[in-house]
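The block underneath contains the structure these notes are about, expressed in structure tokens.
The values are calculated or read from the model by the stated rules, or taken from the named source; none is laboratory data. Keep in mind that what you see is a predicted model, and the values were worked out from it rather than measured. Glycine also receives a Cβ, built like all others from the backbone with ideal geometry; neighbour counts cover every protein chain displayed. Remember, those area values only see protein heavy atoms, side chains included, never the ligands or the DNA or RNA. Shrake-Rupley method; radii C 1.70, N 1.55, O 1.52, S 1.80 Å.
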Amino acid sequence: MEINPVKGTHDIIADEAYLYTMIENAAMGIASLYGYKEIRTPIIEHTPLFLRSVGESSDIVNKEMYTFEDKGGRSITLRPELTAGVMRSIVSNKLYANGDFPIKFCYVGPCFRYERPQAGRYRQFNQFGVEAVGAPSVYQDAEVIAIGHRLLNTLGLDNVKVLINSLGDEESRKAYKEALREYFSKHIDKMCPDCKRRLEVNPLRILDCKVPEDVEIVKNAPKMTDYLSQESKAYLRTVISILKSVGIETEVDTNLVRGLDYYTGVVFEYHFAKVEGVDNVGALGGGGHYANLLAEVGGPKEEGIGLAMGVERLAYIVKSTLNPNTKIGADVYLMGMTDDIIEQNFVLADMLRGNGFIVEMNYATKSLGALFKAANRKNAKFAIIVGEDEFNKKEVSVKNLKSQEQTLVKLEDLDNVLHSMLNKYYADENPVDTGKEEQ
Ligand code: HAM
């Protein structure tokens with residue numbers, strides 16, 4: 001019997017895995033530029049961690065957690081996100097004890113949510129994220145938002161909107177929730193069962209409802225901005241203007257409340273603008289400020305801010321917007337038609353790999369035609385062909401497999417020549433947009 005992958009999971013294979021690694025490395029590299037250090041927390045945590053942090057009014061806790069009893073009778077949950085685990089780790093390891101704030105961590109890893117699989121929505125997916133705890137500041141909030149923005153830019157995704165909102169301080173939120181309760185009680189009979197529950201536990205969650213009839217009712221609901229204190233309004237304005245000073249435009253979305261209960265103050269999301277032929281996969285990432293989360297999981301009352309980006313969603317958008325000619329593959333394919341040349345190529349391949357080239361070669365003798373087919377299958381950019389004559393003269397022919405141009409190169413120059421040929425190859429393939437119209 002064939003065993004299928006579990007619904008909502010996916011295998012990430014070869015070129016796609018390369019893309020994931022590239023995105024994750026870029027993300028972690030960017031976080032390190034801002035002074036974030038990596039943290040790796042367990043995939044399994046005690047269930048109450050998520051009840052206390054992500055919150056009982058969230059869909060994640062209510063409907064989406066993979067929770068089971070282990071052989072010792074403990075309730076264990078596969079993490080639906082990493083923020084709660086990072087906070088738990090700060091407490092378990094007393095990382096706050098020396099008072100050296102902010103504590104700044106970045107991470108990548110799998111998360112699990114029992115959601116209905118669809119474009120950009122999996123049951124096992126990967127997140128990159130950062131958390132900064134213990135030194136609340138408008139600059140800290142802006143820094144975290146800027147990290148996500150820089151990652152999107154680095155991946156070549158500039159067609160992105162940064163939505164921002166404030167959930168205000170405790171007083172503002174209390175007043176706003178009251179206003180929402182009053183408004184929605186008048187409409188609740190017509191609303192979905194989830195919203196009926198949300199009205200009881202946390203009316204803010206109703207703003208997140210995706211049921212079309214409910215969305216219509218939400219449109220006329222009171223707006224958070226009308227309930228924000230002067231301080232919260234000024235805080236949001238300052239974060240927006242700091243972001244502007246580093247070239248990041250934001251758009252205030254008063255219905256942005258995020259799906260997790262721990263947020264207070266500034267919240268944000270990154271959305272890719274609609275492009276024909278590219279599925280709408282929802283937010284590429286999001287996050288926000290949390291004043292009480294560390295205390296809720298047993299630590300001191302230190303505020304924090306964080307963000308998480310969905311690696312699957314980033315990979316999908318990068319792939320869909322990539323120049324279709326850009327294929328991940330070998331830089332060079334070494335072609336050997338005799339055993340002697342294969343033996344020589346093995347040494348040459350070793351040298352080229354040592355100099356950072358991606359190299360493929362054949363180990364069994366084949367005709368030149370068969371070798372060109374093999375090089376194409378490997379998406380090789382250049383072929384290196386060594387004939388008997390050249391072999392003796394310590395020369396090789398380098399063939400650009402796209403333009404078919406062939407050049408004779410001395411072995412001692414090969415490293416330099418290949419580097420410049422590859423640079424030119426990439427420059428021709430992805431011309432830099434100078435902003436000038438082509439004549
Ligand atoms: P979140 O908005 O629940 O926030 O998830 C962050 C990102 O993870 C989403 O924007 C999306 O790209 C991706 N994501 C979520 N669910 C799925 C899914 N089922 N399949 C694929 N990708 C998904 C958090 O998780 C917070 N911990 C963010 C944060 C960090 N807030 C403060 N610090």
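Odds and ends about this structure:
- Solvent-accessible surface of the stretch 332-429, averaged per residue with a 1.4 angstrom probe and all protein chains in place: 56 square angstrom.
- Lysine pairs with alpha-carbon atoms under 18 Å apart, the stretch 143-238, spacing 8 or more or separate chains: 17
- Shape category assigned to the stretch 382-428 from the gyration tensor of Cα positions, a/c cut at 1.5: oblate
- Taking only protein heavy atoms and a 1.4 Å probe, the accessible area of the stretch 332-429 is 50% carbon and sulfur.
- In terms of packing, defined here as the mean over residues of other Cβ atoms within 10 angstrom, the peptides 339-345, 54-60, 362-368 line up highest first as 54-60, 339-345, 362-368.
- Mean Cβ neighbour count within 10 Å, used as a protection proxy, ranking 276-285, 244-253 highest first: 276-285, 244-253
- Assigned charges on the beta-carbon of Lys, Arg, Asp, Glu; the chain dipole about Cα centre (debye): 1000
- Antiparallel beta bridges, as assigned by DSSP with both residues in the stretch 332-429, represent about 55 percent of the total such bridges.
- Computed from the alpha carbon positions, the gyration tensor of the chain leads to an equivalent ellipsoid with semi-axes of 51, 24, 22 Å, biggest first.
- Dipole magnitude of the stretch 163-202 about its Cα centre (Cβ charges: Lys, Arg +1; Asp, Glu -1), debye to nearest 20: 220
- Positive-end residue, the chain charge dipole about Cα centroid, Cβ charges, pick of Ala142, Gly73, Gln404: Gly73
- Probe 1.4 Å, protein heavy atoms only - accessible area per residue of the stretch 159-269 in square angstrom: 49
- The stretch 102-130-the stretch 52-67 distance, computed between alpha-carbon centres (Å): 15
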